[in-house]
Amino acid sequence: MLLKKLTEASGVSGNEKEVRDIIIAEIKDHVDDLKIDKLGNIIAYKNGKPSSKKLMITAHMDEVGLMVTDIDDKGFIKFTTVGGIDKRVLVSKTVHIGDNKIPGVIGSKPIHLQKKNERNKAIDIDNLYIDIGTDTKEETSKFVKIGDYVTFDSKYIEFGDDLIKAKALDNRVGCSLLIELIKEVKDVSFYGVFTVMEEIGLRGAGPAAYYVNPDISIILEGTLCYDVPKIDSHLIPTYINKGPAISLMDRTTIFNRSLREKIVGIAIKNNIPYQYRKSSMGGNDSGNIHTKKEGSITATISVPCRNIHSPTSVMSKKDYDNTYRLLRAIIKDFEKGELVNGF
Amino acid sequence: MNTKEFLSELCNSHSVSGHESGIVELIESAFSKYADKISVDKLGNVIILKKGKNNFSNSKIMIAAHMDEIGLIVKSIEENGFIKFSNIGGVDPRTILSQEVTVHGNKDLFGVIVSKPPHLQEESENEKAIMMDELYIDLGYDNNEVNSYVNVGDVITINREIKELKGDRLAGKSLDDKAGIASMYECIKELSKIEHELDIYFVCTVQEEVGLRGAITSTYNINPDFGVAIDVGFGSTPELPKRDTIDMGMGPAITIGGYIHPKLREKIVEIAKEYNIPFQYEVAPGSIGTDANAIQITREGIPTLNLSIPLRYMHTSVEVVDMKDIRNTAKLLAFFIASITNDDLEGLLCY
Amino acid sequence: MDFNSKLLEELVKTYGPSGNETKICNYIKGQIEKYVDEIIIDSLGNLIARKKGNGNKIMIAAHMDQIGFMITDIDDNGFLRFTNIGGVSPLVSLNQHVVFENGVLGIIAKEPVEDISKLKLSNMYIDIGVRDKNEAESLVNIGDVCVYLPHYCENENTVFTSALDDRIGCYIAIEAIKAVNNSSNDLYFVFTAQEEVGTRGAKTSAYRIEPDICISLDVTGSGDTPKAKTFAVGLNKGTAIKVKDQSILTHPKLRNIMIDIAKNNNIPYQLEVLEHGGTDSGAVHLTKEGVPSGVISIPTRYIHSTTEMVSKNDVINSLKLLIKLLEHNIEI
């Protein structure tokens, strides 16, 4: 199952190889051109009907995670975070280290031994470490080295009413959607780009866009969702099961209004539920795409994911399917030349 | 020129970000013996080209070290002739109290940073950090005379000459990143004795301290096949956590992380081991605060490496480096460059 | 040289928040089309107007966009929730009038908060005076953007109005387009989009034009009000030639040329070192292989409030400096 394979693979920002290889294997027989650029981005091209405008659809391959910074004398492994992780989610978790996925645990001081005031404070990263079961620096160093990347140990599980729990739904969900589009869409020209290092500064997107030089880009993401009870509705960025979230604005882009309105029109016309991403916090690859060279227009369409940037992200299959339907409808409009009217 | 002398002269001169032209002549005179061409670009970056032998694919390596230093700038001239100032680059105001300075007006003027006598301070006042806006420079002139020599916008530097400490260590201002320039100088000297295939562009970049600005434009201009930034890293001292620092005298630190090309990094580590050059690691999970950051995302992306020379007390006027580290960085880079051929390049840079 | 109050009033009253600059773009186009050789509007919405010449390619940038508020939610009672476009202070925006592109009026209000100094935009809302959600939705949509309701006041030497940032820059650029006729330089007047959210339009327009030199026109603060933070620039002391801000260290040679031109033409000027903030020149000077760039700043009080303030004399002096600069053969 594609999303299972993608989410269980390791691809922390800067070390996307395993995910890249899976994606290449999935798409190589469905594209007319495939290249890996100098930063590790996958740039794929599907040749179809000629179009006056160049369309690019992107999804970032990387996930947030950890990185080994030191091994102490007793064999404990010190680490730092890669990308934006709330350090409080790290405690009492299991992880995999390096290419060999060595299992480890991030423990913490037993509650019995903590002073009262200690319990009120979040545990600092300097006081956390990974234990792989060894007792000396030498022993640990046989399995782990400085610079190794660490991912959460979290299996893909389907539960509840068509929900999915996995790590890295941000942004394997985007990768999965893009892979399916590449496989199923016929006779439309577009670039499918899988970027690196989005989580540590939207790094891969700029150089990829510089190369492709698109007129229109659609960025696929897994985005914030915090639909808990008793919160004011305007503070809820997206909801599960209300369809794909269309971005209005974030820290890095004011999304082109005409394109956004056209996408909403397409959703309504095809009876696809949709919502707006109400928060203007955060950013995504669009930030570094739309200001490249002479500029271009972009839209970001996201699948809402609860518990983003943690080992237990949750999304809805229905949202996934509706997002896919919306994308197919958008591409159909593009094919007919209607999407780009007026640009 | 002896590298230590060159470095001392560089540090004793002034090149505050945006005002680097003062040391260009010194750099040109040092490098010209070994270079095929030296040019200065629109933002002031100095580009020193050393051509390779049999470079049939015209492949290019860019090595960058920044020649600018942090400093201060005149913000306003007060009624009594005292000067209020702001910073250029990351200056900790606590490090400039009681310093001697030079205000570079239409002539260089000696000044002192004014401090309040302890006798007049409130009880807890000396527990609080001093803020830049509370400080003044006294030039010893009245307002009229100051105005005849100084304008808002003139730059100010701390007076500090290089001091030799024990163990081949130097202390002074702007070793960040003139130590990197010195390393490039040692490197070009080494490379005049060994053969290399690829063309090398040694770039003394401008305005790194205010946003890697020179690296952005010079990399775009040169468009190298890969780039290496040489900057300084946090030398370890007792109060700093071990994982944030590298050790003095133990060689350059090779950065590991997403902003660094993994195969290039593996190759340079191989060379270090092969030639017994001491080195250490520096882990960068995300952004790196050096020119490497700008190089990597230029145009369609450029494979990048970053080397850090251990340096204590960064951004003070008593920064400390070890000449051994500067020389080992140069050696490592020279052997690494010499080991790369046009044939290797594609395999080395692919994913 | 006379002050063209009518032009400035029309400029500040025309709608154009970042990302939605169409109206102000069309207005400016109408003002300049008969004075320029070419006009292009690019994909980010920048308005690029060229007065052809054979000499240096000079880009003159003034940003068309203004700060605003984007609607993110409409509640069951018809109150609107919003996020900021550009730098907005919650306390400054409290109780101010706003207006949408279609003319709908509103007022910014707050929920009760215990500590007013901790007021955040998420505790605030816009009241457009409707009875319920349906009525609200008939007037505005999520994603719509409003701006401070403009007004224009002036006295003999001073203008008091919102959006001087950076319609005053646009004013100077428009007047310069009409007045410059002795220039051998190839002039690109760019009315940029989305400056307030990160100088985005400047990046893409500079990439396209590849100028030899760039001059931006923008507002800067003033240090001449009671207990103001130290800042050497003030109103009525002339045009300000920028030395430094967070985004640029202006090219020393270009800065000196600007100072010489001011001196030689008896144009009063001041030198500016700004500790916060940036301008379009910050983005342009790092384009491609680099572009020597400078900024002519107009000293302004109360920036990003509903009533910003400039001195007409300072504006006229800024215009004079720009015209002389554009007619000069600049050698860097």
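Nothing in this text is a laboratory measurement; each read-out follows from the coordinates by a stated rule. Predicted model only: the values in this text are computed from it and were never measured. Cβ placement follows ideal geometry from the backbone for every residue including glycine, while neighbour counts extend to all protein chains displayed.
Using only Cα atoms, what Kirkwood radius does chain B have, in angstroms?
21.1 Å
Using the Cα gyration tensor of the protein assembly as shown, with a ≥ b ≥ c the square roots of its eigenvalues, what is the shape: rounded (a/c below 1.5), prolate (a/b larger than b/c) or oblate (neither)?
In terms of gyration-tensor shape, rounded.
In the range C:69-148, if the dipole is taken from +1 on Lys/Arg beta carbons and -1 on Asp/Glu beta carbons about the Cα centre, which of C:L105, C:G86, C:V130 is farthest to the positive end?
The Cα lying farthest towards the positive end belongs to C:G86.
Quick one: net charge around C:K51, please, counting Lys, Arg +1 and Asp, Glu -1 for every other residue with C-beta under 13 Å from its C-beta.
0
Using the Cα atoms of the range A:85-230, I'd like the radius of gyration and the largest Cα-Cα distance, Dmax, both in angstrom.
According to the Cα coordinates of the range A:85-230, Rg and Dmax are 20.6, 66 Å.
Placing +1 at every Lys and Arg Cβ and -1 at every Asp and Glu Cβ, with all other atoms neutral, what dipole size does the range B:71-158 have around its Cα centre, in debye to the nearest 20? Walk me through the numbers before you get to the answer.
Working: 6 positive and 15 negative charges, 58 e Å.
Rounded to the nearest 20 debye, it is 280 debye.
So how strong a dipole does the protein assembly as shown carry about its Cα centre when Lys and Arg Cβ are +1 and Asp and Glu Cβ are -1, to the nearest 20 debye?
It works out to roughly 1640 debye.
If you keep only loop residues by DSSP, which GluC sites (Glu not before Pro) in the range C:151-210 have at most 10 other Cβ atoms within 10 Å of their Cβ?
C:E156
Within 10 Å, count the other beta carbons around each residue, average over each peptide in C:229-240, A:10-21, and list them highest first.
Final packing ranking: A:10-21, C:229-240.
Compute the FRET efficiency between C:T225 and A:S258 as 1/(1 + (r/R0)^6), taking r as their Cβ-Cβ distance and R0 = 30 Å, and round to the nearest 0.05.
Efficiency computed from Cβ-Cβ geometry: 0.10.
For chain C, what is one quarter of the convex hull surface built on the Cα atoms, given in nm²?
On the way: hull surface 68.2 nm².
Averaged projected hull area, Cα only: 17.0 nm².
What number do you get for the range C:203-247 when its Cα radius of gyration is normalised by 2.2 N^0.38 Å, N = residues?
Relative to the 2.2 N^0.38 Å estimate, the range C:203-247 comes out at 1.57.
When only C-alpha pairs under 8 Å and at least 6 residues apart count, what is the relative contact order of chain A, in percent?
22 percent
If I model a spin label as a point 7 Å beyond the Cα along the Cα-Cβ vector, how far apart are those points for B:N144 and C:K288 in nm?
Label-label distance for B:N144 and C:K288, simple model: 5.2 nm.
Quick one: Kirkwood hydrodynamic radius for the range C:69-148, alpha-carbon pairs, angstrom, one decimal?
Numbers: mean 1/r = 0.0795 Å⁻¹.
So the Kirkwood estimate lands at 12.6 Å.
Between helix C:200-209 and chain C, what is the angle of the helix's C-alpha long axis to the longest principal axis, kept within 0 to 90° and rounded to the nearest 10?
30 degrees
Computed over the Cα atoms of chain A, what is the convex hull's projected area averaged over all directions, in nm²?
The orientation-averaged projected area of the Cα hull of chain A comes to 18.8 nm².
Please report how far the C-alpha centroid of the range B:63-133 lies from that of the range B:246-263, rounded to the nearest whole angstrom.
The two parts, judged by their Cα centres, are 34 Å apart.
Taking amide H atoms as placed 1.01 Å from N in the peptide plane, list the residues 5 or more away in sequence, or in a different chain, whose amide H sits under 5 Å from that of A:R203.
Here A:E198 satisfy the definition.
Let me check I've understood the local charge: for C:K110, count other residues with C-beta under 14 angstrom from its C-beta, Lys and Arg +1, Asp and Glu -1. What total comes out?
-2
Suppose every K and R has +1 on its Cβ and every D and E has -1 on its Cβ; what is the size of the dipole of the range B:258-335 about the Cα centre, in Debye to the nearest 20? Don't jump to the answer; show the numbers that get you there.
Values: 9 positive and 9 negative charges, 28 e Å.
Magnitude of the dipole: close to 140 debye.
For C:K118 and B:E274, FRET efficiency with R0 = 56 Å and r from the beta-carbon atoms, rounded to 0.05? Write down the numbers at each step before the final one.
Working: r = 60 Å, r/R0 = 1.07.
Plugging the Cβ-Cβ distance into 1/(1 + (r/R0)^6) gives 0.40.
Quick check on the range B:227-280: take the gyration tensor over C-alpha atoms, sort the square-rooted eigenvalues as a ≥ b ≥ c, and tell me if it's rounded (a/c under 1.5), prolate or oblate.
Judged from the Cα gyration tensor, the range B:227-280 comes out oblate (a/c at least 1.5, b/c at or above a/b).
Around B:V210, under 12 Å between beta carbons, what's the net of Lys plus Arg minus Asp minus Glu among the other residues?
Every neighbour counted, the sum reads -4.
Please list the three semi-axes, largest first and in whole Å, of the ellipsoid equivalent to the range A:65-152, using sqrt of 5 times the eigenvalues of its alpha carbon gyration tensor.
Semi-axes (√(5λ), whole Å): 23, 15, 10.
Which whole-Hz ³J(HN,Hα) couplings does the range A:128-135 yield from phi under the Karplus relation 6.51 cos²θ - 1.76 cosθ + 1.60, θ = phi - 60°, glycine and proline marked x?
10, 7, 9, 10, 9, x, 9, 10
Using every alpha carbon pair in the range B:29-120, what percent of pairs falls into each 5 Å bin from 0 up to the bin containing the largest distance?
In order of increasing distance, the bins hold 2, 8, 14, 15, 12, 10, 9, 8, 7, 6, 4, 2, 1, 1, 0 percent.
Quick one: angle between helix A:257-269 and the longest Cα principal axis of chain A, in degrees between 0 and 90, rounded to 10, please.
It works out to around 80 degrees.
Where the Cα atoms of the range B:33-86 are projected onto their three principal axes, how long is each span, largest first, in whole Å?
In descending order, the Cα extents are 65, 19, 18 Å.
Can you find, among A:P311, A:S217, A:T323, the residue farthest towards the positive end of the dipole of the protein assembly as shown? Put +1 on the C-beta of Lys and Arg, -1 on that of Asp and Glu.
The Cα lying farthest towards the positive end belongs to A:T323.
When the Karplus curve 6.51 cos²θ - 1.76 cosθ + 1.60 is applied with θ = phi - 60°, which whole-Hz ³J(HN,Hα) does each residue of the range B:224-235 get, with x for Gly and Pro?
Residue by residue, the range B:224-235 yields x, 6, 7, x, 10, 9, 10, 9, 9, x, 6, x Hz.
Using θ = phi - 60° and the Karplus form 6.51 cos²θ - 1.76 cosθ + 1.60, what ³J(HN,Hα) does each residue of the range A:148-163 get, whole Hz, x for Gly and Pro?
Rounded to whole hertz, the list is 5, 8, 10, 10, 5, 9, 8, 7, 6, 9, 9, 8, x, 8, 6, 9.
What's the center-to-center distance, using Cα atoms, between the range B:29-58 and the range C:239-272 in Å?
33 Å
For the range B:192-351, what does the equivalent ellipsoid look like in terms of its semi-axes, each the square root of 5 times an eigenvalue of the Cα gyration tensor, given largest first in whole Å?
Each semi-axis is the square root of five times an eigenvalue, giving 24, 19, 15 Å.
Which of A:A25, B:H315, C:I41 sits farthest toward the positive end of the charge dipole of the protein assembly as shown, with +1 on the Cβ of Lys and Arg and -1 on the Cβ of Asp and Glu?
The listed residue farthest towards the positive side: A:A25.
Which angle from 0 to 90°, rounded to the nearest 10, does the C-alpha axis of helix C:312-326 make with the longest principal axis of chain C?
On a 0 to 90 degree scale, this one is about 50.
Amide H neighbours of A:M249 under 5 Å, at least 5 residues apart or on other chains, H built in the peptide plane: list them.
For A:M249, whose amide H was placed from the backbone, the distant partners under 5 Å are A:F255.
How big is the gap, in Å, between the Cα center of the range A:123-148 and the Cα center of the range A:162-220?
Distance between centres, Cα-based: 34 Å.
Report the Cα-based extents of the range A:184-296 along its three principal axes, largest first, to the nearest Å.
That works out to 47, 34, 25 Å along the principal axes.
Rounded to two decimals, what is Rg over Rh for the range B:71-158 when you use alpha-carbon atoms and the Kirkwood radius?
Ratio of gyration radius to Kirkwood radius for the range B:71-158: 0.98.
Divide by every residue of the protein assembly as shown the summed helix terms, -39500 (n - 2.57) for each DSSP H run of at least 4, and state the resulting mean residue ellipticity at 222 nm, rounded to the nearest 500 deg cm²/dmol.
-7500 deg cm²/dmol
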